[in-house]
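Before any comments, here is the structure.
The values are calculated or read from the model by the stated rules, or taken from the named source; none is laboratory data. Keep in mind the model is a prediction, meaning the values are calculated, not measured. With ideal geometry, Cβ positions are generated from the backbone for all residues, glycine too; neighbour counts draw on all protein chains shown. Just so you know, the surface numbers come from the protein's heavy atoms only, side chains and all, with ligands and any DNA or RNA stripped out. Shrake-Rupley method; radii C 1.70, N 1.55, O 1.52, S 1.80 Å.
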Amino acid sequence: MARSRQTRSVLVGSGFLALLVALGVGQAALEAKAAAEGRGAVQAPRFEVDPFWPRPLPNHWVLGNGVGVTVDARDHVFIVHRGALSLNERTEIGLATSPPTAEHCCLPAPPILEFDPAGNLVGHWGGPGPGYEWPASNHGITADDKGNVWIGGNGAKDAHVVKFTRDGKFLMQFGRQGKSAGSNDTENFGQVAKIFVDPKANEAYISDGYGNRRVVVIDADTGKFKRYWGAYGHKPDDTNLGPYDPDAPPAQQFRTPVHCAELADDGLVYVCDRPNDRIQVFQKDGKFVKEAFIAKRTLGDGSVWDIAFSKDPQQRYLYLADGKNERVYILDRDTLRILTTFGDGGRQPGQFFGVHSIATDSKGNIYTTETYEGKRLQKFVYKGLGPVTRPDQGAPWPGAWGK
């Protein structure tokens with residue numbers, strides 16, 4: 001009996017020891033996981049696509065190429081698209097043909113659409129009118145701090161930008177259609193891609209653009225040219241550089257299009273040198289600071305299409321739309337290091353076809369438009385910071401982060 005009790009004691013003791021070891025291993029694993037998910041892990045903003053935003057358009061309207069998105073101080077989202085210029089009459093806009101080839105579908109929506117935070121269409125306007133030259137191919141849209149809306153154009157003769165109130169009343173035009181004299185012209189532009197307005201200095205940064213190879217800064221009220229520069233802060237040169245070669249030394253001038261020039265709150269200007277696959281960073285006076293290449297072996301359309309910043313006070317993160325590789329990169333803004341990406345090629349919510357433009361609202365949500373056959377506006381809801389579990393997140397379907 002004593003020996004049996006001793007045997008049982010040994011077995012119980014061994015089992016208890018094994019349990020302690022298992023608990024210790026489990027606790028160590030939990031602590032390691034907690035550490036990985038805590039301060040020691042790379043953190044990045046997380047997003048989920050909202051497949052129900054925006055709500056359907058009225059009047060049998062459909063979108064053409066989505067070539068601009070901006071968010072105003074009320075968190076209203078404005079987009080610009082190309083409408084009938086980019087829609088197929090036979091297959092997409094039967095109601096717009098003469099005679100109509102369909103009874104119910106469809107018509108091109110007006111060029112400018114305004115949505116409230118819930119995704120309701122609350123405004124629409126745009127197109128030719130008295131006193132101004134509507135761009136032959138509108139491109140880029142920006143809402144400034146005064147409630148005005150700026151539009152560029154990348155048509156062959158578009159050498160100007162136009163400014164309206166948010167409900168479409170014409171205010172001013174800077175430059176004249178058909179008057180571009182190249183990248184050192186100080187009165188006209190050359191196929192403007194986008195505008196950014198600095199409310200503190202009352203200056204507009206023009207990414208100029210599809211014909212010219214420069215960033216231009218003008219007075220936001222008068223349109224007076226104040227300064228401009230090319231790649232690395234050089235004087236712009238319109239020499240044709242030929243096709244981009246990822247194995248060649250970095251080009252000393254921008255290739256066309258210069259697709260964005262975004263000013264961060266700390267005074268750094270981030271320029272999309274789209275076909276050169278690079279972001280170049282400058283001080284406000286055009287002094288070159290640094291550059292980073294993104295998906296450097298991307299040819300053709302290039303990888304650096306548009307930039308937006310996170311909404312924390314330091315703007316720690318930079319969001320980059322890449323319409324060739326069909327994704328949005330999340331970068332550390334200070335180092336320009338890619339932390340993770342989301343999106344993939346496709347037509348389902350959270351996927352992209354020609355993701356062209358990107359903007360953020362006051363809550364940190366992201367909005368994108370798609371050009372080419374994409375013809376779409378999407379919303380990605382900010383879900384806070386979290387540890388990066390993989391470099392490519394894929395389509396950020398609700399609940400899929402980190403899986």
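Would you mention how many residues in region 165-185 are surrounded by fewer than 23 Cβ atoms within 10 Å (Cβ to Cβ) and touching a residue at least 40 places away in the same chain (Cβ under 8 Å)?
Number satisfying all stated conditions: 10.
What's the total number of residues in region 39-92 that are of a type in the set (Gly, Ala, Ser) and modelled with pLDDT of 95 or more?
Number satisfying all stated conditions: 5.
Which strands (runs of 3 or more DSSP E) does region 277-390 wholly contain that include 1 or more residues that are of a type in the set (D, E, K, R), at pLDDT 95 or above and open to solvent by less than 10 Å² (accessible area, probe 1.4 Å)?
Hits in region 277-390: 278-282, 306-309, 317-322, 366-370.
How many of the residues in region 77-99 are small (Gly, Ala, Ser) and either exposed (fewer than 14 other Cβ atoms within 10 Å of the Cβ) or on the phi > 0 side of the Ramachandran plot (or both)? Lay out the reasoning, then the answer.
Here is the first cut: in region 77-99, the ones small (Gly, Ala, Ser) are 83-84, 86, 94, 96, 98.
Applying the additional criterion that residues be either exposed (fewer than 14 other Cβ atoms within 10 Å of the Cβ) or on the phi > 0 side of the Ramachandran plot (or both) yields 83, 98.
Count: 2.
Please enumerate the residues belonging to region 124-135 that are crowded, with 17+ Cβ neighbours inside 10 Å and either without any contact (Cβ under 8 Å) to a residue 40 or more places away in the chain or within 15 Å of Val80 (Cα to Cα) (or both).
Within region 124-135, His124, Trp125, Gly126, Trp134, Pro135 meet the criteria.
Which of the residues spanning region 144-162 are over 19 Å from the mean Cα position of the chain (by Cα) and more than 13 Å from Ile206 (Cα to Cα)?
Asp145, Lys146, Gly147, Asn148, Gly155, Ala156, Lys157, Asp158, listed by residue number.
Given the condition charged (D, E, K, R) and either in a strand (DSSP E or B) or closer than 14 Å to Gly64 by Cα (or both), answer yes or no: does some residue in region 107-126 qualify?
Yes - at least one qualifying residue is present in region 107-126.
Can you tell me which of Asn202, Asn188 is of a type in the set (S, T, N, Q), within 19 Å of Leu263 (Cα to Cα) and more than 21 Å from the chain's Cα centre (by Cα)?
The unique qualifying residue is Asn202.
Among the residues in region 206-228, are any under 26 Å from Asp285 (Cβ atoms), at pLDDT 95 or above, touching a Cys at 6+ places or on another chain (Cβ under 8 Å) and buried (at least 18 other Cβ atoms within 10 Å of the Cβ)?
yes
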